[in-house]
Amino acid sequence: MPSEVLNRLLELTGLLLETQAPLERVLQIITDQALELFPGDHASVRLLDDTGTRLLCGARSGVGVQNRPMVFRAGEGAIGWVAETGRPIRLADGQYDSRFKPSDRQGFSIRSVLAVPLQDGGKVVGVMGVSSANPDAFRGGDEVVARLLGNCVSAFIARARLERLSVTDPATMAFNARCLLSRLVEEFERVRRNRTRLSVMALAVSSEGSQSDVDARMQAAADRVRLAARLSDSLVRVSGHRLLLIMPDMDREEAAGVCERVRSSLLDYSRGGEPTGPAAHLALATWNERESAEDLVAQVMASIEQTTTG
């Protein structure tokens, strides 16, 4: 192994040991470093949810980061295969390998893939992957280095995964209710400093049926909200059948446009005949520059309550 590669791995391990950065930033450091080490143009770290079935996107670097990340399940696609088997993968050309999952929503070209499992105590907790628009971009030596890199960062990844799961609702992949106030306070402090606006949208689906029925409706609704929202917006599951979308730097007129896109997307979903199609109610509130975070949430939740009972 070239000495410069070994030095990079040692430097990365030292940096992760010393950094006090948020865990999202730690994952970003890892994906940035992966693009320095391997001849790829996109790198990602994905963590398994608490059910061990869905791969959540923790960080990405390179081309396509402006696009919303795809959701993978264990056993689905190349990285899903790695998560399910616990084995690394090196695809010379995804066009000729059944383990690769092509998609028009990817937003960038992928021909070759290198991915390794991230493990904690012998159990897979995530996958680190690098891809290239060129076929046969990775060699055997790259796989060796990728496995070493995975071993170096696995402890930090396991910590990141536990941190993420502690604030994430497993059904919708939205933040859970425990995060609501802290996320709002964080945004309130920022908009006050920058003298910008802040809007919030509440969404409620039917609470009828079993918990799995409600979760399915909420998952579908959350996916539709994400299609209409920006990457900078925060989606929170505030209760069993209610979601809240926090939209910083957005006035009421702009936020109303988001609401309309969500409403239209939900309507199209229901017309598709899905059995769990979420018939949802929406409400909107914009910060008046005087009220507190708690008051803003109370206002929009009162509005959604009136909508669902009216």
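Of the strands (runs of 3 or more DSSP E) lying entirely inside segment 72-137, the ones with 1 or more residues being free of Cβ contacts under 8 Å to residues at least 24 places away in the same chain are found at 89-91, 123-132. Any idea which residue in segment 268-283 is surrounded by the fewest Cβ atoms within 10 Å (Cβ to Cβ), counting only those that are modelled with pLDDT under 80 and closer than 29 Å to Q299 by Cα? Among residues in segment 268-283 that are modelled with pLDDT under 80 and closer than 29 Å to Q299 by Cα, the one surrounded by the fewest Cβ atoms within 10 Å (Cβ to Cβ) is D268.
Results for (1) under 21 Å from L162 (Cα atoms); (2) touching a strand residue (DSSP E or B) at 6+ places or on another chain (Cβ under 8 Å); (3) of a type in the set (S, T, N, Q); (4) not in a strand (DSSP E or B), shown as yes or no for each residue.
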residue	(1), (2), (3), (4)
G14	no, no, no, yes
R25	yes, no, no, yes
L56	yes, yes, no, no
N67	no, no, yes, yes
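Restricting attention to segment 34-48, and to residues there that are of a type outside the set (D, E) and in a helix (DSSP H, G or I), which single residue is surrounded by the most Cβ atoms within 10 Å (Cβ to Cβ)? For segment 34-48, the residue satisfying everything is A34.
Of the residues L244, L181, the single one that is among the hydrophobic types (A, V, I, L, M, F, W, C), under 21 Å from the mean Cα position of the chain (by Cα) and surrounded by fewer than 20 Cβ atoms within 10 Å (Cβ to Cβ) is L181. In segment 169-195, the residue that is farthest from L245 (Cα to Cα) out of those that are at pLDDT below 85 and polar (S, T, N, Q) is N194. Anything in segment 129-153 that is surrounded by fewer than 20 Cβ atoms within 10 Å (Cβ to Cβ) and of a type in the set (S, T, N, Q)? List them, or say none. Result: N134, N151.
Just one of (1) surrounded by 17 or more Cβ atoms within 10 Å (Cβ to Cβ); (2) over 14 Å from A171 (Cα atoms); (3) within 23 Å of the chain's Cα centre (by Cα) fails for R197. It is (3). Looking at the structure I just gave you, is S207 in contact with a His (Cβ under 7 Å, 6 or more places away or on another chain), surrounded by fewer than 18 Cβ atoms within 10 Å (Cβ to Cβ) and in contact (Cβ under 8 Å) with a residue 24 or more places away in the chain? So S207 passes the test. Note on segment 212-232: residues that are free of Cβ contacts under 8 Å to residues at least 24 places away in the same chain and under 13 Å from the mean Cα position of the chain (by Cα) total 3. For the residues V236, V258, the requirement of being over 15 Å from V300 (Cα atoms) and modelled with pLDDT of 90 or more singles out V258.
Would you be able to say whether some residue in segment 140-161 is among the hydroxyl-bearing types (S, T, Y), assigned to a helix (DSSP H, G or I) and assigned by TED's automatic domain parsing to the domain that holds G121? Yes, segment 140-161 contains at least one residue that is among the hydroxyl-bearing types (S, T, Y), assigned to a helix (DSSP H, G or I) and assigned by TED's automatic domain parsing to the domain that holds G121. A single entry from R217, R190, R237, R226 fulfils the requirement of being part of a strand (DSSP E or B) and not hydrophobic (A, V, I, L, M, F, W, C): R237.
For segment 91-107, taking the residues that are under 22 Å from P69 (Cβ atoms) and surrounded by 14 or more Cβ atoms within 10 Å (Cβ to Cβ), the one that is farthest from the chain's Cα centre (by Cα) is identified as D97. Of all the listed residues (T31, T51), the sole one being of a type in the set (S, T, Y), at pLDDT below 95 and either over 17 Å from the mean Cα position of the chain (by Cα) or not in a helix (DSSP H, G or I) (or both) is T51.
Could you list, in sequence order, the residues of segment 218-245 that are over 18 Å from E305 (Cα atoms) and basic (K, R)? Lay out the reasoning, then the answer.
Start the filter on segment 218-245 by keeping residues that are over 18 Å from E305 (Cα atoms), which leaves 219-220, 222-235.
Once the filter is applied, which keeps residues that are over 18 Å from E305 (Cα atoms) and basic (K, R), segment 218-245 yields R224, R226, R230.
The values are calculated or read from the model by the stated rules, or taken from the named source; none is laboratory data. Small disclaimer: the values here were computed from a predicted structure and weren't measured. In this analysis, Cβ positions are derived from the backbone assuming ideal geometry, glycine residues included, and neighbour counts consider all displayed protein chains.
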